[in-house]
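Contents: one structure, followed by commentary.
The values are calculated or read from the model by the stated rules, or taken from the named source; none is laboratory data. Model, not experiment: these values are computed from the prediction. So basically every Cβ, Gly included, is an ideal-geometry build from the backbone, and we count neighbours across all protein chains shown.
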Amino acid sequence: MAKKMVIVSVDALVGEDLKLASTLPGFKKIMDGGARVEQVMSVYPTLTYPIHVVQMTGRNLMNHGIYNNERVMPGRLSPDWFWQIQDCKVPTIFDAAHRKGLTTHAVMWPVTAQADIDWLLPEVWDLQKWEDPAIIYKKNCSPQLFDKYFEKHRFKLGWHPKPELDEFGVSVAEDVIRNEKPDLAMIHVSAVDIARHGNGMFGPAIDDAIRKVDSWLCRLEQAVSESGRFDETNFIIVSDHGHLKVDKQVNLNVLFKEEGLIQTDDHGELVSYQAYCHSSGLSAQILLADAADTEVRKKVEAILEYAKDTEAFGIKAIYTRREAEEKFQLSGPFEYVVEGVGGVAFAAKWDGRVVINEEDPDYDYVKTSHGHRPHLGPQPVLLAKGPDFKENVTIRECSILDEVPTFAAVLGVEMEGLEGRCLHELLVRP
């Protein structure tokens, strides 16, 4: 099979977006006559970082080790994210490509900072000090990419308070694809996800974001063409999750504080805890400082059951650690997983009110979000075109765990422990 592949992850792209996308030149080049999966079943919780690790390892959350976008850092309302590859417990498709002697490139792909990738520009930022981005990126990029391309494009990054990661990343990817001709390139763009969080599920802002993504696809396609490798390149568009409308924010840490399970100082800063709610968007992960403390465990379970029985709190289900592992292959440093009803999102605040509704003046949450059960709402898609994919073939659905086995088959690389299946029905040579 051909050993060139460009994968673009369009964060939060869903099937409903394809009507517009199919009319735009960048998407159209891949969609017309290409292969397609209409619905890709993701994993729980539907969060960008855990899912993108699935999309580069072919392993579920319990095995690859990334259970949330953010690290557990009780007391910090904006924790660090899982940026570094060291947090991933299993090999990636980049590792498999290297074993085969292939060259690799990743741009803004979650959980790749400091990875062994030939041309690496990871997704990373500085939540605390906002120091010079060159310091942050030099620590986390591949040396040759940083030395050759960072300064050329850094003016596009912006940085504080809101880095323009997409434009910066695509600009670097164009150069790397054109000049270095990597065998495997994986690029992540967030514009559609950001638009949905801020504006709702559908509407003009989301359409504008899809058009912006299309302009990036056009540039990447042109870069491949200028590299002289267009006809031997397989183009793949993937997505990670959909969104659901949010109209209520629930702060379980307020309950824990009221019950004496969170302690704060005179300035309201958290100083210690026995139980803590770690947000995962439309679900929550509940930590115990001492999992062996049976009295605290009983108290926490009573609080959670009370919240579940109180309709205003909007809790649909509570899962123990074992239940989460068995039902969702989800594991982490938490003892319980809390699932909200439709419209409920969880935050980590420990001051204020437990429930803040959309119409309240102090409501400050996004319009839509994710972290929900993956079967709910609009679904991600997979689009592919190239010499190793059949023309004009569509399948109804697959698991997101099926993506890496398919990528590996196209690249001709071997990976152990994959949990999905190769989508042979999409390939010219199954």
Worksheet item: Is it true that residue 212 is more than 17 Å from the chain's Cα centre (by Cα) and not assigned by TED's automatic domain parsing to the domain that holds residue 168?
Response: no
Worksheet, complete the sentence: residue 88 fails exactly one of (1) touching a helix residue (DSSP H, G or I) at 6+ places or on another chain (Cβ under 7 Å); (2) modelled with pLDDT under 95, namely (2)
Discussion item. Condition check: surrounded by 24 or more Cβ atoms within 10 Å (Cβ to Cβ) and within 24 Å of residue 288 (Cα to Cα). Does residue 92 satisfy that?
Written reply: no
Worksheet item: Quick one: in region 320-375, which of the residues that are among the hydroxyl-bearing types (Ser, Thr, Tyr) and free of Cβ contacts under 8 Å to residues at least 60 places away in the same chain is nearest to residue 279 (Cα to Cα)?
Response: 336
Worksheet item: In this structure, does residue 3 turn out to be of a type in the set (D, E, K, R), surrounded by fewer than 24 Cβ atoms within 10 Å (Cβ to Cβ) and outside any helix (DSSP H, G or I)?
Response: yes
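Considering only region 302-334, state which residues are farther than 14 Å from residue 285 by Cβ and β-branched (Val, Ile, Thr).
Scanning region 302-334 gives 303, 310.
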Worksheet item: Which pairs have Cβ atoms under 7 Å, sit 6 or more apart or on different chains, and link a residue in region 396-414 that is at negative phi to one that is surrounded by fewer than 19 Cβ atoms within 10 Å (Cβ to Cβ) and at pLDDT below 95?
Response: 410/1
Worksheet item: If you go through region 322-331 one residue at a time, do you hit one that is modelled with pLDDT of 95 or more, assigned to a loop (DSSP other than H, G, I, E, B) and among the hydrophobic types (A, V, I, L, M, F, W, C)?
Response: yes
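Hey, does region 240-263 have a residue that's charged (D, E, K, R), closer than 30 Å to residue 179 by Cβ and modelled with pLDDT of 95 or more?
yes
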Fill in: Test set (1) at pLDDT below 95; (2) within 14 Å of the chain's Cα centre (by Cα) - residue 3 fails condition number
(2)
Item to complete: State which residue pairs qualify: first residue over 19 Å from residue 355 (Cα atoms) and inside region 255-267, second residue of a type in the set (A, V, I, L, M, F, W, C) in any location, beta carbons under 6 Å apart, and separation of 6 or more residues or different chains.
Response: 263/271; 264/270; 265/271
Fill in: Qualifying positions in region 119-168 - outside any helix (DSSP H, G or I), among the aromatic types (Phe, Trp, Tyr), surrounded by 14 or more Cβ atoms within 10 Å (Cβ to Cβ) and in contact with a His (Cβ under 8 Å, 6 or more places away or on another chain)
119
Response to the item:
Within region 58-78, residues being of a type in the set (Ser, Thr, Tyr) and in contact with an Asp or Glu (Cβ under 9 Å, 6 or more places away or on another chain) number 1
Response to the item:
Given the conditions (1) outside any loop (DSSP other than H, G, I, E, B); (2) of a type in the set (A, V, I, L, M, F, W, C); (3) surrounded by 22 or more Cβ atoms within 10 Å (Cβ to Cβ), every one holds for residue 13 apart from (1)
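Go over the candidates 376, 411, 423 one by one and state the one that is hydrophobic (A, V, I, L, M, F, W, C) and more than 25 Å from residue 185 (Cβ to Cβ).
376
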Response to the item:
Restricting attention to region 343-392, the residues that are part of a loop (DSSP other than H, G, I, E, B) and either over 26 Å from residue 238 (Cβ atoms) or not small (Gly, Ala, Ser) (or both) number exactly 34
Worksheet, complete the sentence: For region 282-313 the number of residues that are part of a loop (DSSP other than H, G, I, E, B), in contact (Cβ under 8 Å) with a residue 24 or more places away in the chain and farther than 17 Å from residue 333 by Cα is 1
Discussion item. What's the number of the only condition in (1) under 20 Å from the mean Cα position of the chain (by Cα); (2) under 30 Å from residue 28 (Cα atoms) that residue 394 fails to meet?
Written reply: (1)
Discussion item. Which condition from (1) touching a helix residue (DSSP H, G or I) at 6+ places or on another chain (Cβ under 6 Å); (2) in contact (Cβ under 8 Å) with a residue 40 or more places away in the chain is the one that residue 52 breaks?
Written reply: (1)
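For residue 401, are the conditions met, namely being among the aliphatic types (A, V, I, L, M), at pLDDT 95 or above, farther than 25 Å from residue 61 by Cα and surrounded by 18 or more Cβ atoms within 10 Å (Cβ to Cβ)?
So residue 401 does not fit the description; no.
Is it the case, given these coordinates, that residue 195 is in the same structural domain as residue 51 (by TED's automatic domain parsing), buried (at least 20 other Cβ atoms within 10 Å of the Cβ) and small (Gly, Ala, Ser)?
yes
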